[in-house]
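Read the figures in this text as sums done on the coordinates, not as results from a lab. These figures come from a predicted structure and were not determined experimentally. Counting neighbours? That spans all protein chains shown, and the Cβs are built from the backbone with ideal geometry, glycine included.
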Amino acid sequence: MCGIVGAVAQRDVADILVEGLKRLEYRGYDSAGVAIIDSESQLKRARRLGKVQELADALSEQPLTGGTGIAHTRWATHGVPSEANAHPHISSDNIAVVHNGIIENHEELRTQLQGLGYVFTSETDTEVIAHLVHHELKNHDTLLSAVQATVKQLEGAYGTTIMDTNDKDRVVVARSGSPLVIGFGVGENFIASDMMALLPVTRKFCFLEEGDVAEVTRFEVNIFDSAGKPVIREAKESEVSHDAGDKGEYRHYMLKEIYEQPTAIRNTLEGRFEQGLLDTQTFGPGADEIFKEIEHVQIIACGTSYHSGMVARYWLEAHAGVSCNIEIASEFRYRKSHVPKNAMIVTISQSGETADTLAALRLAKELGYRSSLTICNVPGSSLVRESDLAFMTKAGAEIGVASTKAFTTQLVGLMMMTLALGKHHGMSEEAQKEMASALVTLPNKVEEVLALADSIEGLAEDFADKHHSLFLGRGDQYPIAMEGALKLKEISYIHAEAYAAGELKHGPLALIDAEMPVIVVAPKNDLIEKLKSNVEEVRARGGLMYVFADNDAKFESDDTMKVINVPHCDDLIAPIVYTLPLQLLSYYVAIIKGTDVDQPRNLAKSVTVE
């Protein structure tokens, strides 16, 4: 959520800041702003409600010049979306602040500051940071020490960047619960909440740890931990190309990322098998020794990642012989739980910065889990740094808010985790090779499904006037039905629910009529006859069915049922294969509905607040 970009340079930085904000638009936001200290040490600011382009247009008419600046895209928490609530926020015309996160004690701090004579011009929690820093500068000699004193008074989560016109060649940043990265240039340095923002200007980055405060100038970066002691954070070169955010020939990022899935899956698989068997060291040094001791897996995740974890539970228990629980991270962290013996906590996150998942990992460590593993797409992210083991999905940058290739590559990673655990829990070498072989065929199967796009686009026309829908699946296809329902509601704003098909008679049948489209995923597996009976229950009540079925499952289209035949695939990879038609369906329905596919209302790509 939100986006931060900052720069300290000899050249004018306005264009760098705005380009950085554009590259963070995928995170979700409602307003944008920039503040720059000019050559005369004057603070200049521009803010606009709406898209970053509105801000860019304003700067074209009234340019801001200067080498030190900060910029922000806001996703409203405290205060409605408005220009007055947009960042940066200012105190006394010399302190400017941008901030991601939530300051939980902002009301108490606001009252204190008002008592000291400070006047608030916004409804935000962020403005208290600006006034606190200004107040602390009365008692401190440097911006750094003033910020260090300020953050000790803050409760909640923050990634914040502050600058002072009285020290115009320096910015200070602080991180607690909300990610910040520093980018290193030549005679210039940069700050952002996501390295994607800075790829046009640098490829060398370091990530701040919890509690870090750093001062950034043109020529140096000094980092201090929560105790105020100087620390070194390793700088690394990014392998992500600066054009990763280009839509290319595609109308939307989401469609581009749907079609990138064969390549993304190949990248996930590359170099991870030897002679048909998984190289378990792909999870990190000492992985074999850890997997050998694990008797139970607890998966925690949010949203789409939660659905991938639900599929993994079927795989782990059926093939690896390891018991597994799956729980939404925001629920796990707020309940008392029992830790089984020799249990591993597994977190799943595209960004590696999902606030609830990260907090749940930290709680799990306190509770005494044997070890931790993350399935993640972003190297250097908080979940990767704080987990014992990490599997990088290598999906590449995912810009669309509705996750596509991140989800399918997570499933690939989770199947590899199943192999890694199964190796030490009775899974035969033959069974391991069978699963590995199925994974190797996956990219080609995905390409075959993508060839169905035109047929699926035709189905989408039936949803133009629909407001509700029901998704059905059985076994490991039930989480895929859930993912399909999530995609449809995310980007088309159609209310969608998913049910295990065997639960129809326990309530959902009451909803069935000609206005409630029912979408079914039907691979040919051991549950296909049971699923056919569930389909008949819907047809008998006047429901209109849309069935994505295996070629050999013998579903036939008629007046009450439209069937799209999906190429036959191995049962092991069927959950991944059947995800693709549902992604395409949701995309084409959203096009017909005329919604903002890549940036759906009220949503953000990286959820870094509770």
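Across region 386-401, computed HN-Hα scalar couplings (Karplus, 6.51 cos²θ - 1.76 cosθ + 1.60, θ = phi - 60°) run 9, 9, 5, 10, 9, 10, 8, 6, 6, 6, x, 4, 10, 9, x, 4 Hz from first to last residue, x flagging Gly and Pro. How would you classify region 1-121 from its alpha-carbon gyration tensor, with a ≥ b ≥ c the square roots of the eigenvalues: rounded for a/c under 1.5, else prolate if a/b is greater than b/c, otherwise oblate? Verdict is oblate for region 1-121. Is the C-alpha gyration tensor of region 278-404 telling us rounded, prolate or oblate? Criteria: a/c under 1.5 is rounded; beyond that, a/b larger than b/c is prolate, otherwise oblate. Since a/c stays below 1.5, the shape of region 278-404 is classed as rounded. The phi-based Karplus calculation (6.51 cos²θ - 1.76 cosθ + 1.60; θ = phi - 60°) puts the 3J(HN,Hα) values of region 196-201 at 3, 5, 10, 4, x, 10 Hz, whole numbers, x for Gly and Pro. You can think of it this way: the chain between Glu83 and Lys247 has 56.1 nm of extra reach, that is 0.36 nm per residue less the Cα-Cα gap. Of the residues Leu24, Leu603, the one with the fewest other Cβ atoms within 10 Å heads the list, and the complete ranking is Leu603, Leu24. One Cα centroid belongs to region 38-113, the other to region 177-227; the line between them spans 20 Å. With both residues required to sit in the chain, DSSP beta bridges show an antiparallel share near 60%.
The gain in end-to-end length when the Val119 to Thr560 segment is fully stretched comes to 152.3 nm, 0.36 nm per residue minus the alpha carbon separation.
Pairs of Cα atoms nearer than 8 Å and 6+ residues apart set the relative contact order; for the chain it is 12 percent. Of interest is the spacing of the C-alpha centroids, which for region 141-157 and region 398-458 amounts to 46 Å. So what is the calculated 222 nm ellipticity per residue for the chain, using -39500 (n - 2.57) for each DSSP H run with n of 4 or more, over all residues, to the nearest 500 deg cm²/dmol? Taking each H run of at least 4 residues, the total per residue is -10000 deg cm²/dmol. Take the Cα of Glu104, step 7 Å toward its Cβ, do the same at Asn525, and the gap between the two points is 4.1 nm.
The amide H of Met561, built 1.01 Å from its N in the peptide plane, has Met545 as neighbours under 5 Å, considering only residues 5 or more places off or on other chains. With a simple spin-label model that places each label point 7 Å from the Cα along the Cα-to-Cβ direction, the separation between Arg11 and Asp552 comes to 6.0 nm.
Taking amide H as placed 1.01 Å from N in the peptide plane, Thr374 has its amide H under 5 Å from the amide H of Thr347, Leu389, Ala390, Phe391, each at least 5 places away in sequence or on another chain. Listed by chain and number, the lysines placed with their C-alpha closer than 16 angstrom to that of Lys292 are Lys341, Lys423; residues fewer than eight positions away on the same chain are left out.
Listed by Cβ neighbour count within 10 Å, with the fewest neighbours leading, Arg170, Arg370 appear as Arg370, Arg170. Principal-axis analysis of the Cα atoms of the chain puts helix 127-136 at an angle of about 40° to the longest axis. Rounded to the nearest Hz, the phi-derived 3J(HN,Hα) couplings of region 340-352 under the Karplus curve 6.51 cos²θ - 1.76 cosθ + 1.60 (θ = phi - 60°) are x, 5, 6, 9, 10, 8, 10, 9, 10, 7, 5, 7, x, where x marks glycine and proline.
Here the peptides 68-76, 488-496, 421-429 are ranked by packing, the mean other Cβ count within 10 Å, and the order with the highest first is 68-76, 488-496, 421-429. From least to most packed, judged by other beta carbons within 10 angstrom and beginning with the fewest, Leu472, Leu452, Leu278 follow the order Leu452, Leu278, Leu472. Amide hydrogen proximity for Val297: with H placed 1.01 Å from N in the peptide plane, the residues at 5 or more positions away or on another chain lying under 5 Å are Ser323, Cys324, Asn325, Met344. When Rg and the Kirkwood radius Rh are both evaluated on Cα atoms of region 487-535, their ratio Rg/Rh stands at 0.99.
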